[in-house]
Amino acid sequence: MKGSLHLYNSLTRRKEEFKPINEGFIGLYVCGPTVYSDVHLGNCRTFMSFDMIYRFLLKFGYNVRYVRNITDVGHLLDDGEDRISKGARKDKLEPMEVVQKYTNGFHDMMDIFNTLRPSIEPRATQHIIEQIEMVQDILDNGYAYVENGSVYFDTTKFAEETGKYGKLSGRVIEDLLAESRDNLKNQSEKKHPSDFAIWMKAAPEHLMKWNSPWSEGFPGWHLECSAMSTKYLGKTFDIHGGGNDLKFPHHENEIAQNEGACGCSPCNYWLHTNMLLMNGKKMSKSDGNTISPEELFSGDSPHVSKGYSPMVIRFFMLMAHYRSTVDISDEALQAAEKGYKKLMEAGRSLKQLEAHSAEAGKIDEQINSISQSAFDDMCDDFNTPKALSRMFELVNIINSLKGGQLDSKELSSRGLETLKQTYSSFIYDIFGLKNDLVDNDQSKYLDGLMNLVIDIRQSSREKKDWDTSDKIRDVLKELKIQLKDGQSGTDWTIDG
Ligand code: AMP
Ligand code: ZN
């Protein structure tokens, strides 16, 4: 399929045609999790959004190097304690045990949500040397100063000389108070409140620290992404992403660091996903306004009336554009569950459809046009809600062919092939959904067994063997399996 890709660039605040630095290749960097506690559903939304974006870029034909880091040092709490160290102290673990525990949990959750693994997943603690080198480069270029063993980025000097501080977040340096997540105890060491630490001298009780030319200490949180993206994708790469709560200070400071060290912008396009809300407020661990994925799967939460499967949740996320907020609610999830089931059931019906026209018919035309439109929607800044609505147009075609409202004489075998390809390409490859109503392997056996049951029921009816046909009906009812007799035979569905 042909088309040109347009992305909304948060830096320029408009949609732009995407042009890769190297034809056919894309360097994509996404800020990963800070692994000090279990991921919440808000984090999952951001990673699922970038998974959809990554999947579409692959489908578009690009060779993508997808780098998503693990933050395992430097991300401080407001009281100045490192998040990982705090977790370690609390659970009486080694900091690296905390990191491993929550990295494993994060990976498990990403697998459950069927997200593809990145090409490289670098950890901040494995790149201390690269970070120290970057601090040195920034110092050498005059954009940082050393104070009592810590190194601070000089935002005022950088802003005055380059005019590039605050461009991404739209903040004006004069208005900036110390919003950066630095060690607040050290505010007095800074020349200006908006300056931020790129290297911090560690207090004696600090658990994670390394030698450097300035002190025994640890890197500032923002530095890891500048150092690791440069190492694996180059000084300027194509796309940098993250949740829009990272625009300031994290991404603004990343830009300053890259410019300060290399004299160039880290990337050409900034993509920011919007927040998952609950009760109209950002889902966030620190505010206690969260629901864990596990609570949502089991239904063990006052926020939901029942459990929802991981794929229903993924479908729910796709129903909104990645730049819009989404408010999670029981009603919205119920609606998503209905839509998801309809989509999966149509996928099953599609396998049984036949085409009876030698040449392209009227239905072929419809399928081709819907397929192209869905691709165009995705090329338009990854418009999943629109592309999903096209899939429901295909569902209508599938169901009408099955029910006889549409005549399979209007459909060629090529058209049927396009229908199958479009369906699987969008639903499974791009949206990353899979049928978790029944496990895919099991579904093959289940289909076979259900066909057998339907055949036995049919022949027992013909023989007026009501005992057998009634028994089949009763057992299926108990299992919540509904039979539907239609023009082209009997079909079955599982009731929610
Ligand atoms: P953290 O582990 O706090 O660094 O966050 C990991 C990712 O989750 C970042 O890209 C955040 O922007 C993103 N994130 C945090 N809260 C939410 C939320 N409520 N909705 C969507 N993304 C979020
Ligand atoms: Zn980052």
>> Counting just the Cα atoms, what span does the stretch 344-434 cover along each of its three principal axes? Round to the nearest Å and put the largest first.
In response: 37, 23, 19
> Once both labels are modelled 7 Å past Cα along the beta-carbon direction, what's the THR325-ASN289 spacing in nm?
Replying inline: 0.7 nm
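Once you've got the Cα coordinates, tell me which of LYS231/LYS434; LYS342/LYS484; LYS282/LYS338; LYS59/LYS386 are over 23 Å apart.
Going by Cα-Cα distance, LYS231/LYS434; LYS282/LYS338 fall outside the 23 Å limit.
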> Looking at VAL73, PHE316, PRO266, which one has the Cα that reaches farthest to the positive end of the dipole of the chain (charges on Cβ: Lys, Arg +1; Asp, Glu -1)?
Replying inline: PHE316
>> With viscosity set to 1.002 mPa s at 20 °C, what whole-number translational diffusion coefficient in µm²/s follows for the stretch 277-430 from Stokes-Einstein and a Kirkwood radius over Cα pairs?
In response: 125 µm²/s
>> If each residue of separation counts as 0.36 nm, what is the full-extension length gain between GLN421 and ILE456 once their alpha-carbon separation is subtracted?
In response: 9.3 nm
> Tell me, what is the percent relative contact order of the stretch 178-301, built from C-alpha pairs under 8 Å that lie six or more residues apart?
Replying inline: 18 percent
> What are the ³J(HN,Hα) values, in whole Hz, obtained from phi via the Karplus relation 6.51 cos²θ - 1.76 cosθ + 1.60 with θ = phi - 60°, for each residue of the stretch 252-264 in sequence order, with x given for Gly and Pro?
Replying inline: 4, 6, 4, 4, 4, 5, 5, 4, x, 8, 10, x, 9
> Rounded, prolate or oblate: which fits the stretch 401-496 when a ≥ b ≥ c are the square roots of the eigenvalues of the alpha-carbon gyration tensor, with rounded for a/c under 1.5 and prolate only if a/b beats b/c?
Replying inline: oblate
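Give a quick list of trypsin sites (Lys or Arg not before Pro) in the stretch 445-496 that DSSP marks as loop, anything other than H, G, I, E or B, with at most 15 other Cβ atoms within 10 Å. Don't skip to the answer; put the middle values down first.
Details: sites: ARG457, ARG461, LYS463, LYS464, LYS471, ARG473, LYS477, LYS480, LYS484; in loops: LYS463, LYS464, LYS480.
Within the stretch 445-496, the qualifying trypsin sites (Lys or Arg not before Pro) (loop, at most 15 other Cβ atoms within 10 Å) are LYS463, LYS464, LYS480.
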>> Taking 0.36 nm per residue of sequence separation and subtracting the Cα-Cα distance, how much length would be gained by fully extending the chain between LYS480 and LEU449, in nm to one decimal?
In response: 9.6 nm
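Rounded to the nearest percent, how much of the accessible area of the chain (1.4 Å probe, protein heavy atoms only) is carbon and sulfur?
Working: 10680 of 22350 Å².
About 48 percent, which is the carbon plus sulfur part of the accessible surface.
Compute the projected area of the convex hull of the Cα atoms of the stretch 1-160, averaged over all viewing directions, and report it in nm² to one decimal place. Kindly include the intermediate steps, with their values, before the conclusion.
Working: hull surface 51.3 nm².
Directional mean of the projected Cα hull area for the stretch 1-160 stands at 12.8 nm².
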> Sequence-distant or interchain residues sharing an amide H contact under 5 Å with LEU277, placed H: which?
Replying inline: MET283, VAL326, ASP327, ILE328
>> Expected output is a single nm value to one decimal: the length gained when fully extending between GLU97 and LYS362, i.e. 0.36 nm times separation in residues minus the C-alpha distance. What is it?
In response: 89.3 nm
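To the nearest 0.05, how large is the calculated FRET efficiency for LEU77 and ASP429 if R₀ is 41 Å and r is the Cβ-Cβ distance? The partial results should precede the final answer.
Details: r = 40 Å, r/R0 = 0.98.
About 0.55, to the nearest 0.05.
So what is the relative contact order of the stretch 55-207, in percent, for Cα pairs below 8 Å that sit 6 or more residues apart? Present the calculation step by step, with values, prior to reporting the outcome.
Working: 159 pairs, mean separation 39.1, N = 153.
Contact order relative to length: 26 percent.
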>> Nothing charged except the Cβ atoms of Lys and Arg (+1) and of Asp and Glu (-1): what's the magnitude of the dipole of the stretch 317-465 about its Cα centre? Round to the nearest 20 debye.
In response: 520 debye
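May I ask you to derive the relative contact order of the chain, considering only C-alpha pairs under 8 Å and at least 6 residues apart, and to give it as an integer percent?
Values: 785 pairs, mean separation 75.4, N = 496.
Relative contact order of the chain: 15 percent.
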>> Taking 2.2 N^0.38 Å as the expected size of a compact globular protein, what ratio does the Cα radius of gyration of the stretch 6-273 give against it, to two decimals?
In response: 0.97
> List the GluC sites (Glu not before Pro) in the stretch 1-61 that DSSP assigns to loop (not H, G, I, E or B) and whose Cβ has at most 16 other Cβ atoms within 10 Å. Which are they?
Replying inline: GLU23
> According to a simple spin-label model (label point 7 Å from Cα along Cα-to-Cβ), what is the distance in nm between GLU205 and PHE392?
Replying inline: 5.7 nm
> So for the chain, taking the charge dipole from beta-carbon charges (+1 Lys/Arg, -1 Asp/Glu), which of PRO193, ALA256, HIS356 sits furthest toward the positive end?
Replying inline: HIS356
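Please express the shape of the chain as an equivalent ellipsoid: the semi-axes are the square roots of 5 times the eigenvalues of the C-alpha gyration tensor, given largest first in whole angstrom.
Equivalent ellipsoid semi-axes, largest first: 52, 26, 17 Å.
At 1.4 Å probe size, with every protein chain present, just tell me what the per residue accessible area of the chain comes to in Å². Provide the component values of the computation, followed by the final result.
Values: 22350 Å² over 496 residues.
Accessible area per residue, the chain: 45 Å².
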> Going toward the positive end of the dipole of the stretch 6-273, with +1 on Lys and Arg Cβ and -1 on Asp and Glu Cβ, which of GLY42, TYR54, GLY170 do you reach last?
Replying inline: TYR54
> Which FRET efficiency value, to the nearest 0.05, do you get for ASN141 and LYS59 by plugging their Cβ-Cβ distance into 1/(1 + (r/R0)^6) with R0 = 41 Å?
Replying inline: 0.50
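Relative to the Cα centre, what is the charge dipole magnitude of the chain, using +1 at the beta carbon of each Lys and Arg, -1 at the beta carbon of each Asp and Glu, and rounding to the nearest 20 debye? Please report the intermediate quantities before stating the final value.
Values: 60 positive and 74 negative charges, 176 e Å.
The calculated dipole for the chain is roughly 840 debye.
The values are calculated or read from the model by the stated rules, or taken from the named source; none is laboratory data. Every value quoted in this text rests on a predicted model; they were computed, and no experiment measured them. Cβ: placed from backbone, ideal geometry, glycine included. Neighbour counts: every protein chain shown. Keep in mind that these areas ignore ligands, DNA and RNA; they rest on the heavy atoms of the full protein, side chains included. Shrake-Rupley method; radii C 1.70, N 1.55, O 1.52, S 1.80 Å.
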